[in-house]
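All remarks here apply to the structure that follows.
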Amino acid sequence: VTVKDPELAKQVYFYQNAEGTGLAPFDCWLLLRGLKTMHVRVERAQENAMQIATFLQAHPLVTHVYYAGLPDHPSKAMHDAQAYGAGVVVCFRTG
């Protein structure tokens, strides 16, 4: 961040130092490297979550599966209108 006003520069420096918003060069490189493959990792995680949810639905000891990607989820249409994928959180009940 670059500023012209010395007083504003002091304020910016304080917040960067206090909040840790200024990353070191290696941390920046790690962040960029992770962002380049994030979409692939999220897509795979969503595919795995769907497989797990489908497996759990068929399991005799599972009474209910909560996953927005399942066709019978009550809020599936609303979720699909608001998001690109079903997410990776799968919840279920047993017993």
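The values are calculated or read from the model by the stated rules, or taken from the named source; none is laboratory data. The structure presented is a predicted model; accordingly, all values stated were derived computationally and were not measured. As a convention, Cβ positions derive from the backbone with ideal geometry for all residues, glycine included, and neighbour counts pool all protein chains shown. The protein model used for the area step is the full one, side chains on, heavy atoms only, and it has no ligands, DNA or RNA in it. Shrake-Rupley method; radii C 1.70, N 1.55, O 1.52, S 1.80 Å.
Results, tabulated for the structure shown:
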{"quantity": "Helical mean residue ellipticity (222 nm; -39500 (n - 2.57) per DSSP H run of 4+; nearest 500) of the chain", "calculated": "-19500 deg cm²/dmol"}
{"quantity": "Accessible area per residue, Å², the chain with all protein chains present, probe 1.4 Å", "calculated": "83 Å²"}
{"quantity": "Apportionment of accessible area to carbon and sulfur, the chain, percent (1.4 Å)", "calculated": "62 percent"}
{"quantity": "For segment 56-95 and segment 17-47, distance of Cα centres in Å", "calculated": "28 Å"}
{"quantity": "log10 of Debye I(q)/I(0), alpha-carbon scatterers only, for segment 28-71 at 0.16, 0.18, 0.30, 0.34 Å⁻¹", "calculated": "-0.54, -0.61, -1.00, -1.12"}
{"quantity": "Candidate values (1) 31, 14, 11; (2) 39, 13, 11; (3) 44, 16, 13, label of the one derived for semi-axes √(5λ) of the Cα gyration tensor in Å", "calculated": "(3)"}
{"quantity": "Mean separation of Cα contacts under 8 Å (6+ apart) over length of the chain, as relative contact order %", "calculated": "24 percent"}
{"quantity": "Estimated distance in nm for a label pair at ALA58 and ALA77, the labels positioned 7 Å out from Cα along Cα-to-Cβ", "calculated": "2.8 nm"}
